[in-house]
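Student: First the structure, which I've put down as structure tokens, then a few questions once you've had a look.
Throughout, read-outs are computed from the coordinates displayed, never taken from laboratory work. What you see is a predicted model; the values in this text were computed from it and never measured.
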Amino acid sequence: MNLFKIAWRNAQQRGLSTLLTTISLALGVGLVVLVLSIHGIVSDAFQRNATVGYNLVVGAKGSPLQLTLNTVYYLSQPVENLPYDYYLEFFGQEERERQLAAYGGHLDEPDRPGKFSLYTGSDSGGLVIPVCLGDYFGEYRVVGTTPAFLDNLKHGPDVDQPYEFREGRNFQTHSEENGFFEAVVGSRVASTMNIKVGDTFNPTHGDPDGKGHDLGFKIVGVLKPTGTPNDRATFVNMEGFYLMEGHAKPSEHGDEEEEAEADAEEEVIVVETDSEEAAVPNTPLPLDQREVTAILLRPSQTMFAMMLQNVINEGLQAQAATPIGEISKLMEQFVDPIRYVLLLITAITCIVAGVGILVSIYNSMNDRRRDIAVMRALGARRGTVMWIILLESGMIAVLGGLLGWIAAHGAIALASGTIEDRTGVPVNFFSTTSAELYVLPLVLGLAAIAGFVPALVAYRTDVSRALAS
């Protein structure tokens, strides 16, 4: 009979003790694997979603991390708003004059290029997209922006996948049917809120439980799942966003404001909602009454990103943050320390389980002295007996480690749908992290240490005394 069979029979003779020790070790290993897997999922979710189709996020002075979390992940609260004329500083003279002519109001020095336009020339690949935040649709953020957000930005690991629609189309700046009030919802918003193309919703102001706006948006598109925070967002036409109550800032040019309000009262369209027909303004808000929460920037040349960030941050009005850099800082400062603490706790659990192996086998040695003496009398060497005890300890370690790994990944597989919905990271039973490769060798090493003391006792067993007892 080989040594493995002898070790297995010894473990079977102490069935209940072996089972409890194995379960204890499996729980410890399962906790370690879960911590490593969850950390990998969180890291992957933040880092892949920080890889967006733009280089910089520009917002009011404050915390760059808060700006990133608010703009990229729709977490936290907006810092402050920037005046619309700051947004126009990223465009050339022609676009500045065009917007002034189209929307009216007041703009200082419209007959010059914006001071940042050198870095963001749209003719050479630059991208400037405004974002307005502050409203909610249920628990989800309402993002006021332009059609360029969904038309020009990309997503995916290589940032090369365009946004696609499960239903409908992208919203338009102005349509004959819905005027300025069109919206597109993310896949999770559509499924959770049970809405579809053709439905109308009224955002709430400032809070999920805040006051609902009188003006509603018609849903014209539902996005396919992207695995990004945009699955949890509702995108509305920025022009309609400005026209809702509480979204226009007071104008410093009183006469122009009164004229704009008079024009808005005269020019309205009628939109059919689910309950009644509602009159909505059909005149856009003047430039000097507009604000933006953030600006998404992709400079015309990659090398301009750092230069532009420095120029913006040197000013007194705004800050520029790099999403990837801020998320890396978040991981280093907050997520990694938490992981280390959890790993320490689970490592202690594994050590306790290893001590359990030691105690379990050591306590059985008194009952097995005679068996060991018989083996020695039949010709077994001291080293052979010692190896049998070590193999028994190793078997418990391997079985407990495998059970723990299977249990942890089984739990991840059961929660895969929820994990993917909330983080955008697809996972399954075989989703692993590189750190998991070290778990089983460490457990085997722990088992070898735990089995060494009882193995040493077996090695020192006095044959004559054990047979005589």
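Student: Which number do you get for Rg(Cα) / (2.2 N^0.38 Å) in the range 88-173?
Tutor: After normalising by residue count via 2.2 N^0.38 Å, the value is 1.32.
Student: Cα gyration tensor of the range 125-193, axes a ≥ b ≥ c as square roots of the eigenvalues: rounded (a/c below 1.5), prolate (a/b > b/c) or oblate?
Tutor: rounded
Student: So, one more: log₁₀ I(q)/I(0) of the range 103-153 at q = 0.32 Å⁻¹, via Debye over equal Cα point scatterers, no solvent, to two decimals?
Tutor: Here log10 of I(q) over I(0) equals -1.13.
Student: Another question, if that's okay. Over 28 Å between C-alpha atoms is what I'm after, so list which of K211/K249; K154/K249; K249/K329; K154/K329; K154/K218 land there.
Tutor: Working: K211/K249 18 Å; K154/K249 32 Å; K249/K329 35 Å; K154/K329 24 Å; K154/K218 24 Å.
Exceeds cut-off: K154/K249; K249/K329.
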